[in-house]
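The next block holds one structure in the form of structure tokens; read it before the comments.
Bear in mind these aren't lab numbers, they're just calculated from the coordinates by the rules spelled out. None of the values given here were measured: they were computed from a predicted structure. A quick note on method: Cβ atoms are made from the backbone with ideal geometry, for glycine too, and the neighbour counts reach across all protein chains shown.
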């Protein structure tokens, strides 16, 4: 998974904006679906991404916006543009004191997902100019953490995404007229979020006294009394509100147990840090703190023990549960006659058992997790599996890249004894990994007989395409094969394989690297 911080507006020369990433994503041939959430929407923002948005609306299978509606927030011009161009748009308008405030831009593709969430509204200021902060996620469709993020997003916003929430309505011309007549929607020049706010802000600022401040005092704000040496010393107060809310949280805890009963009695009573209800996690922590300091009310302790509440080290318990889960999967794979490989690529039912086993083996070298390795050996004969050509080659490449000071003579001998006579048994992609890894580490060719040599460096040819305004006026690093020709496949390998991108990393300046990152290259 690729995770990046997107901040803009603070440094005027910064190009890492949400707007730039949206433009790149709309142009990216991999993506075919988009969902956008915005609290305030203006034509000023749409104008800066309009060309790419309209092109995407024609080629994407699905393109939808869900927009917040508050008086003088979203402009008439923006909504009219979306109607005129048949862009599927839904509005959230309510009489409640709350408002629709998320800013989320979610792209789904053939191979990857992109997810941008933060403070940027769909306005010119929000996408490009204000001081904003967002987080960018890009991950393959098989990435487990990424799939969890998408699932949580879709489950939480399900009533809005499906239009079943009472405050959600499909945007039509009739709905727009109704919003105007009701006083919600105004012309862009009369909306508050940008025009009036910036204007009034300047007037107010001009009236202020220009007071100096002591820069040395910055960053010294204490979040809690300084008498506490560390977090473990902090004991939250047992307040009346806490005591009154305790029964309700206890019921939530019992519901949590039911949700997780498949994990077994021990593990179903441990609330994880990333649980969907953060308040329950905080309550759970307080029970452990109060118990440790012997101030947990007696009736509370009695009820918790009846539900087998676990007062011990939850982190250690969860690690045990994860290991037990993977051991069960490994046993299941063996029972079903799976051709189990020990490379990091091996997956079973979406779980990378190969990566897990390699991690346990590495921990064993430091004398850790020996009991888990013993259980793995009881299920699977690792010694017989480890000699396959693919596993041997994968270990060779991993060791070559991870060793701090690899000895070339030792690796040469290892290649000759373990791989040289088995090259024909290896897939092309693994042969290429050997060649590229050898060149990356030792800066010399590692030809595999007549089979394969290092790929030709076509960086200059690639750069010529990027800066050729006649055939690439927008300065994109990766376009379709019809526009790039046979260079397309060489470029695609760099996007999909970090090792191959690292081989040519030194050929780019910082601006070019930033552009490549925005287009999804692992650099």
Full-stretch length increase - residue 402, residue 47 - with 0.36 nm per residue and alpha-carbon distance subtracted: 123.0 nm
Added length on full extension, which subtracts the Cα-Cα distance from 0.36 nm per residue, residue 151 to residue 307: 53.2 nm
Difference of contour (0.36 nm per residue) and Cα-Cα distance, residue 440 to residue 292: 48.0 nm
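Ranked by Cβ crowding within 10 angstrom, fewest neighbours first, how are 279, 268, 119 ordered?
Lowest count first: 279, 119, 268.
Compute the FRET efficiency between residue 178 and residue 158 as 1/(1 + (r/R0)^6), taking r as their Cβ-Cβ distance and R0 = 25 Å, and round to the nearest 0.05.
Plugging the Cβ-Cβ distance into 1/(1 + (r/R0)^6) gives 0.45.
Using packing as a proxy for protection, rank 322-331, 120-129 so that the peptide with the highest average count of other Cβ atoms within 10 Å comes first.
Working: 322-331: 15.6, 120-129: 24.4.
Top to bottom by mean Cβ count within 10 Å: 120-129, 322-331.
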Residue 86 versus residue 509: modelled label distance in nm, points set 7 Å from Cα along the beta carbon direction: 4.5 nm
Packing rank of 423-432, 461-470, 109-118, where each peptide gets the mean count of other beta carbons within 10 Å, highest leading: 109-118, 423-432, 461-470
Percent of beta bridges antiparallel (DSSP, the range 1-114, rounded to nearest 5): 40 percent
Cα-projected label distance for residue 282 with residue 242, points at 7 Å along beta-carbon direction, nm: 1.2 nm
